[in-house]
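Nothing in this text is a laboratory measurement; each read-out follows from the coordinates by a stated rule. Keep in mind that what you see is a predicted model, and the values were worked out from it rather than measured. Virtual Cβ from ideal backbone geometry, glycine too; neighbours counted across all protein chains shown.
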Amino acid sequence: MIASPLPDLVGRQRECAALDDLLVGLREGASRVLALRGEAGIGKSVLLEYVAAQASGLNVTRARGIEADMELPYASLHQLCAPFLDELEELPGPQRDALRVAFGMAAGDPPDRFLVGLAVLSLLTRASEPRPLLVLVDDAQWLDQVSLQTLEFVARRLLAEAVAMVFAVRDPEGQAALGGLPELRIGGLDSAAAGELLEATVGGRLEQRVRDRFVAEMHGNPLALLEFSRGRSAAELAYGMDASSSPGVQGPVASRVEQDFAGRLVSLPEVTRTLLLIAAAEPVGDARLLVRAAASLKVTPDAAPAKAAGLIEFGESVRFRHPLVRSAVYHGAEPEERRAVHRALAEATDPVLDPDRRAWHAAQAADGPDEDVAAGLEQAADRARRRGGIAAEAVLLERATEVTPDPWPRGRRALAAAEAHFSAAAPDRASELAAVAEMYPLTALDRARLARLRARLLFARSRSDEAAPLLLEAAAQFTAAGSPLARETYLEAISATIFAGRVHGPTGARAAAIAARGSGAPSSGSLAADLLLDGVAALLTDGNETGVPALRDALEPLAREELGTREATVRWLLLAPVALEAFIHYAWDLHAWDTLSSRAVRLARDIGALGTLPPALIYAGGVHIHYGDFAKADRMIEEADAIAAATGHAPHKYAALVLAAWRGEADVAAALIEEATKRAVQRGEAGLLGAMGYIQGVLFNGLARYEEAMVAARTGVEHDGFNFTGLSLVEHVEAAARCGELDQARASLARLVELTRAADSGWARGASARSQALLTDGDEADRLYRTAIEEFGRGGVAVEVARSHLLYGEWLRRGRHRALAREHLRTAHEMFAAMPAHAFAERARRELIATGEHVRTRSATPASTLTPQETQVATLAAEGMTNAQIGAELFISPHTVEWHLRKVYAKLGITSRRSLPDALAGAGSAGTVNAG
């Protein structure tokens, strides 16, 4: 271990060794992340100083969370990035613009916080190019929320960058922060080290019993040991802590240390205490601002006594010895003293350069309702929203509500605060503010907003059908108020019923559609949204014959409508799931599915909307499952999961389940199905339970476990849901026919024919024809099988083309047409093996053997060893994209792109990206499985 220049690092050999190891890796160009966790005073900050002292030859940047600064969006992030802002112009345009808006350097639409995260990742990566970069973040639990989320995102995306991030997090306050990152728990010093530290501080040996008692009472907390013993001799401590003059020896260590700091303040001159209070109330640490505020209070700055007491350091910036000093100073002052200091700081803060802090200080200075203060906070909240600081917007609006004197604006601000808290993922606080808003007079439009918010809160807690009636009520209120939000809210109500898995009944999708059609709601201002509502409502009320053509009218606007603002794009992305479910399950239109899901992915990438990008990728992955391109589907699913993990969202299991089912991976699918079913039951997502019927139907049919497939698919058929009924019917017909349950098969066939008639697509016609063929004999069956192959091919549904060849071949073999059977079975086997759909391929292999065919499978190619991310990077590089463009596409840094490419070159046996197109093309053709 490197010797420590810091005298207080007694007994920290393990911790220092871990930090030394981190620096060794960083100097070798490897990224590292570590969160130091422990209680207040345990030594986290000292360990940060240690690693900074060892970082010779490295680039170091620092930030510190400050409790009073938590409501100002991006404040901590700006502090961290400030040394590198001259590199902004080198970032890709969307990233540069997002960061400039976030830091208040430019005006624009609110940036997605994860696009800001990608910009910060790019900025730190560039900063690491001349020398590896060490990022130190102290008191991470007090970072403003959006800065914390951004740095979490960056930490989770580090892979091949010469960047290390070390966070110090106080527990229990920061238990929820930085979850899942590598961590090092910092506990108290052991008895020997604590005793050594104590004796070094008091300047003499202590009686063993006294020392042991003191150490035990401080639980080995270094700051507690240092601060309680500072200035006291061994003789003064001879009778133990109970006999000392130290106040507040009971209670948590942090509070005892804080009380000791507070005790030291008593002996300071009044002007010094006032100066400390100004510094405690203003987190920027700007010495000039402190002097101006002191002048406003007619206080002559005299920091010498505070410096002598070891409480604060003055220079270009003001820094407390420990956050507990700041806390002791601030909370030890009388309320009127605090208000006076905030008033002085508001007067001293530049209204042009820093209007938000000025508004915040003015609010803290208010001793009662004040409309000017409330208006200033509301303006600050609007600026926070435009920078993407939703959490800050919520808190500023909440404080504005508290100081608003008149009931009408108080209700309006409480509602706005509740909506902002909901957007900031704080539903409990949103509920509380919604209750406050309800106590005051509101306009009809605001009443509708409140009703919609309550429904959204309910839906966020449970996907049950309880939210839909509330959304319908809100939509009716919007309609009465003539608001364009009405039609959007009706769509939201229908979407809620789709998740709940109910079509019929008073709270089902059909009831919501009837209400929407009879509402007379005004236009939403979006042709795509209006036509989509008309089409979905027609499907649910008039049936498929009327609904599918009406739905098709919405496709062109959905695919082409120009979206001029970020807000319009976000609204389109919220419509996409309803549209996709309708086109998949009612129009049976794989091309529309591809068009809309591809646009959703592209739009989400363009605006950096990482909250909606994972579900968009999942839908796009589903397209490629049906195209038979399982590798591309896998890449999209993996990217969706990686982004969800990086952004703290739950992974989307649906597409992974479908892919596992088509691959025939029974063990993988079983675990996923169990997890998804449990989640569906907990959240009331009956629609997901219906999907399980289809998924297990595919899985068990592929494995030729037809009785299990029949039972599973029947649950999807009988489920009263908006989606998966048709797909489940396809599985049920095949399984029931194979089990000899012909009555069940014919009943499902009749429903399937009815459901697919209006769709008039290759997918729909193929599904109907093949299912009929399973229950027909002779020339008619032969014709139907051939029709199914042709129609599925026209619809682009490769998995069903292969499956139709398999079923046709099985039927031909049973009819003793071996030569023709062999032709179709060979085609099925080759197609399934190339995907690879292992269970269906095995079915085809067994059938081929039964015809007397010898089946030979080629060995794996080098490309088959590429991971999904490596394949994705290689594919984009082969298409001519630069590392920076690939990084922006996949939300990783250019360094990580290059790292992946080096591994790809090694696996494919090539040396440059010029060889990638041929290598990937050759690998694709070599990857097919031949039957000979």
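Here are the numbers for the structure shown:
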{"item": "In the chain, lysine pairs closer than 27 Å at Cα, eight or more apart or cross-chain", "result": "6"}
{"item": "Positive-end extreme of charge dipole, the stretch 656-758 - chosen from 659, 739, 752 (charges on Cβ)", "result": "752"}
{"item": "Calculated FRET efficiency for the pair residue 574/residue 786, C-beta based, R₀ 56 Å, to 0.05", "result": "0.85"}
{"item": "Label-point separation, residue 849 to residue 567 (7 Å along Cα→Cβ), nm", "result": "6.5 nm"}
{"item": "Highest-first arrangement of 733-743, 12-22, 628-638, where packing means the average Cβ count within 10 Å", "result": "628-638, 733-743, 12-22"}
{"item": "Tilt relative to the chain, helix 544-560 - C-alpha long axis, 0 to 90 degrees, to 10", "result": "50 degrees"}
{"item": "Which labelled figure in (i) 123, 76, 46; (ii) 119, 63, 50; (iii) 106, 66, 53 is Cα extents along the principal axes in Å, once derived from the coordinates", "result": "(iii)"}
{"item": "For the chain, with +1 on Lys and Arg beta carbons and -1 on Asp and Glu, the positive-most of 422, 375, 797 along the dipole", "result": "797"}
{"item": "Per-pair calculated FRET efficiency, R0 = 56 Å: residue 298 and residue 674 via Cβ, rounded to 0.05", "result": "0.20"}
{"item": "Charge dipole (debye, nearest 20) of the chain; +1 at Cβ of Lys and Arg, -1 at Cβ of Asp and Glu", "result": "1620 debye"}
{"item": "Helical mean residue ellipticity (222 nm; -39500 (n - 2.57) per DSSP H run of 4+; nearest 500) of the chain", "result": "-20500 deg cm²/dmol"}
{"item": "Inter-centroid distance (Cα atoms) of the stretch 396-449 relative to the stretch 298-349, Å", "result": "34 Å"}
{"item": "With Cα atoms, 0 to 90° folded angle of helix 706-718 axis to the chain main axis", "result": "70 degrees"}
{"item": "Neighbour-count order for 161, 665, 398, fewest beta carbons within 10 angstrom listed first", "result": "665, 398, 161"}
{"item": "Contour minus Cα-Cα distance for residue 56 and residue 559 (0.36 nm per residue)", "result": "175.6 nm"}
{"item": "Coil-residue trypsin sites (Lys or Arg not before Pro) of the stretch 271-351, DSSP, other Cβ within 10 Å capped at 14", "result": "298"}
{"item": "Zone of residue 704's modelled label, taken as backbone nitrogen in the stretch 815-848 under 12 Å from a point 7 Å along Cα→Cβ", "result": "839-848"}
{"item": "Under-5 Å amide H pairs with residue 38, H placed in peptide plane, nonlocal only", "result": "169, 171, 186"}
{"item": "Size of electric dipole in the stretch 657-792: Cβ of Lys, Arg +1 and of Asp, Glu -1, about Cα centre, debye, nearest 20", "result": "260 debye"}
{"item": "Selection from 303, 627, 359 lying farthest towards where the dipole of the chain points positive, charges on Cβ", "result": "627"}
{"item": "Most to least packed among 146-159, 96-109, 560-573 [average Cβ atoms within 10 Å]", "result": "146-159, 96-109, 560-573"}
{"item": "Dimensionless Rg over Rh [the stretch 258-335; C-alpha; Kirkwood]", "result": "0.91"}
